[in-house]
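One structure is given below, encoded as structure tokens.
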Amino acid sequence: MRELRKNPNNKLLHNQITENMESLARIKDWTSLVNTDDGIAVVKEQMKSQLQREINQRKYEVDEVLKISKAQSATDICFLVDCTCSMKKYIVAAKTQIHQLTDTIIQLYAIKPRLAFIGYRDTDTDPEQLDFTDDVDTFYIFLEKLKLTSGHDRCEDVFGGLEIVPKLSWSNPNRVLIHICDAPCHGRDYHTFTKSRHDKYPKGDPKNREVSKLLLDIKRSKIIYCSIQLNKSVKKMFEEFVFIYGEVFEIHVNDPNTLMKHISMQTSSIIMNSIQSTMSSFRTSNMPLKSYTLLKKIPDWNAIEVHAVHTIEIIQPQAMDDIFRPLFFGQEYSTVLQAFSHWTYHITAGRYMVVDLQGAKTDNAYILTDPAIHCDDILRFKHTRTNLGVKGMDRFFNTHVCSEICARLELPAEKSQLLNKTKTNAYKSFEYADLLDATDEMDEATSKFEIMHLETEDQQANTTSF
């Protein structure tokens with residue numbers, strides 16, 4: 001009060017004093033009711049109200065995380081394709097199978113991808129382009145009208161196509177470039193052809209475009225570069241691209257009939273990786289920083305309290321492949337870890353699920369760092385901010401496809417908890433908003449156990465025995 005008299009305009013201090021006075025008034029009221037039935041009833045009612053507020057707040061936080069997760073699923077996919085006659089089968093496959101790609105993304109992530117197309121030929125023909133659209137029919141009609149031509153040599157104007165890529169209207173968080181080709185660009189640095197008729201411009205691009213500028217312009221747009229290399233003639237070109245661009249994910253396709261299947265798998269993996277990265281940053285954001293003090297002198301180590309710690313041995317890499325080995329991005333790692341998440345759900349009878357699995361792989365084990373745990377009680381682990389409850393478990397099963405590992409572990413094909421009653425034809429008539437609404441009932445049923453327990457005690461206390 002003295003401080004307030006000295007500085008009566010201090011609103012923060014005024015609010016603190018007001019809150020303290022209100023708290024003292026409540027304590028006075030409660031103490032007058034101690035050891036009375038009315039007092040016990042007041043305390044229990046306060047406990048129920050507080051628990052309900054915590055449940056509502058946690059449900060709101062979970063919904064906000066899922067909304068962020070959905071936004072992080074939005075994807076732009078651009079097809080960069082060599083449009084010469086030798087590519088006819090794959091262009092027809094892209095046209096006829098495009099619905100397979102879009103339907104897969106919609107079913108898994110409840111969001112429509114945007115599609116674009118760039119078709120290049122040789123340097124005497126300008127590339128054709130379709131900027132991003134979410135209308136699959138527009139994409140189909142564009143490919144329907146596309147004309148294939150024969151080149152004058154075996155090399156094509158790849159640089160012409162790359163030049164257009166960063167100029168498209170990229171806007172979504174996930175940006176994927178699918179480059180499908182069976183011929184390299186001009187310049188002997190990019191192929192192993194020995195005959196002059198195979199490359200009219202062996203010294204390089206006739207328009208003097210620099211490959212480093214083209215690729216770095218694409219990289220600055222945060223585009224994930226994927227290649228489908230249809231023969232060995234393009235291998236050297238992509239090796240040069242990787243040296244400048246960094247990682248280029250190769251999608252192995254041997255049959256045009258499976259083109260979109262493989263593209264769908266790679267795109268889904270990219271989206272999931274993006275969501276997991278977002279969840280990891282969400283876990284650590286807004287966390288209070290630990291305070292520390294820098295000492296100018298060497299401390300007395302004997303006076304410092306000793307704590308037991310776990311140590312991890314860091315194995316020195318022996319080869320370049322060890323350095324660039326992907327961390328759980330490839331099919332092998334993700335399959336094992338997804339099966340592990342499925343197993344944790346099954347072995348706990350649906351109470352818990354360990355997710356967001358990342359870390360490193362050693363010769364005979366996975367070292368997992370900072371995983372998240374979903375629990376059917378959304379108030380458990382609430383301070384970690386990543387327990388998404390039943391909704392989080394259901395989101396996992398929305399995208400999980402049981403593998404051979406799941407079969408070996410004898411895991412049932414779950415049966416998403418909350419879509420069990422309504423999901424007979426996957427996602428074709430089930431909106432994302434419906435998903436959130438439907439899970440609210442389950443969250444309430446699992447999280448209100450303590451409230452029901454308190455109410456049961458009240459009923460027993462009011463029951464008269466005869």
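Looking only at the stretch 190-239, which residues are among the basic types (Lys, Arg) and either outside the structural domain of Phe79 (by TED's automatic domain parsing) or part of a loop (DSSP other than H, G, I, E, B) (or both)?
The answer is Lys195, Lys200, Lys203, Lys207, Arg209, Lys222.
In the stretch 33-81, which residue that is among the acidic types (Asp, Glu) and modelled with pLDDT of 75 or more is farthest from Arg395 (Cα to Cα)?
Glu45
Out of the residues in the stretch 121-156 meeting the condition of being of a type in the set (D, E, K, R) and part of a strand (DSSP E or B), tell me which one is surrounded by the most Cβ atoms within 10 Å (Cβ to Cβ).
Glu156
Pairs, please: C-beta under 6 Å, at least 6 apart or cross-chain, first residue touching a residue at least 12 places away in the same chain (Cβ under 8 Å) and of a type in the set (Lys, Arg) and in the stretch 54-69, second surrounded by fewer than 14 Cβ atoms within 10 Å (Cβ to Cβ) and part of a helix (DSSP H, G or I)?
From the stretch 54-69, no pairs qualify.
With respect to Ser269, determine if the residue is more than 16 Å from His191 (Cα to Cα) and touching a helix residue (DSSP H, G or I) at 6+ places or on another chain (Cβ under 6 Å).
no
Just to be sure before I move on: is Leu108 in the same structural domain as Ala183 (by TED's automatic domain parsing) and in a strand (DSSP E or B) in the structure I sent?
no
How many residues does the stretch 35-89 contain that are in contact with a strand residue (DSSP E or B) (Cβ under 8 Å, 6 or more places away or on another chain) and within 25 Å of Ile271 (Cβ to Cβ)?
Of the residues in the stretch 35-89, 10 are in contact with a strand residue (DSSP E or B) (Cβ under 8 Å, 6 or more places away or on another chain) and within 25 Å of Ile271 (Cβ to Cβ).
With respect to Arg380, is the statement that it is surrounded by fewer than 16 Cβ atoms within 10 Å (Cβ to Cβ), modelled with pLDDT of 75 or more and under 25 Å from Tyr60 (Cβ atoms) true?
no
Can you tell me how many residues within the stretch 228-261 are within 25 Å of Val136 (Cβ to Cβ) and touching a residue at least 12 places away in the same chain (Cβ under 8 Å)?
10
Going through the stretch 133-147 one residue at a time, which ones are farther than 18 Å from Cys83 by Cα and of a type in the set (A, V, I, L, M)?
Val136
Taking the conditions exactly as written (exposed (fewer than 15 other Cβ atoms within 10 Å of the Cβ) and at pLDDT 80 or above), does Lys89 satisfy them or not?
Criteria met by Lys89.
Residue under question is Phe159, and the condition is that it be assigned to a strand (DSSP E or B), aromatic (Phe, Trp, Tyr) and crowded, with 17+ Cβ neighbours inside 10 Å; does it hold?
Criteria not met by Phe159.
Which residues, taken from the stretch 106-120, are surrounded by fewer than 22 Cβ atoms within 10 Å (Cβ to Cβ) and at pLDDT 90 or above?
Lys112
Run down Ser233, Ser264 and say which single residue is in contact with a Leu (Cβ under 7 Å, 6 or more places away or on another chain) and small (Gly, Ala, Ser).
Exactly one residue qualifies, and that residue is Ser264.
With the checklist (1) closer than 30 Å to Ser73 by Cβ; (2) without any contact (Cβ under 8 Å) to a residue 24 or more places away in the chain; (3) among the hydroxyl-bearing types (Ser, Thr, Tyr) in hand, flag the one item Tyr225 doesn't pass.
(2)
The values are calculated or read from the model by the stated rules, or taken from the named source; none is laboratory data. Here the structure is a predicted model, which means the values were calculated and not measured. Neighbour counts run over all protein chains shown; Cβ positions are idealised from the backbone, glycine included.
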